[in-house]
Amino acid sequence: MEKIADVILWPGTKMCEAFDVDPKGELGLLRSFFNMLFWLPLGLIVVWILN
């Protein structure tokens, strides 16, 4: 189960590392924000293609 979470959270973790922020620390909410910026457009594109 942890490996699935690592794959889903990978974009946000890499962005946090780029900004020198600990993704598991207090500023870990930034990881969620970066994940939203990555996965939301990707999901919308998939939905538009399938329609």
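Summary of values
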item	result
Relative contact order (%) - criterion: Cα under 8 Å, at least six apart; region: the chain	31 percent
From phi via Karplus (6.51, -1.76, 1.60), per-residue ³J(HN,Hα) for the range 16-23 in Hz, x at Gly/Pro	4, 5, 5, 8, 6, 10, 6, x
Solvent exposure of the chain as accessible area per residue, Å², 1.4 Å probe	87 Å²
As computed over the chain, the Cα convex hull volume per residue (Å³)	77 Å³
Share of carbon and sulfur in the accessible heavy-atom surface of the chain [1.4 Å probe, %]	72 percent
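The values are calculated or read from the model by the stated rules, or taken from the named source; none is laboratory data. What you see is a predicted model; the values in this text were computed from it and never measured. The area values use the complete protein model at the heavy-atom level, side chains included, leaving out ligands, DNA and RNA. Shrake-Rupley method; radii C 1.70, N 1.55, O 1.52, S 1.80 Å.
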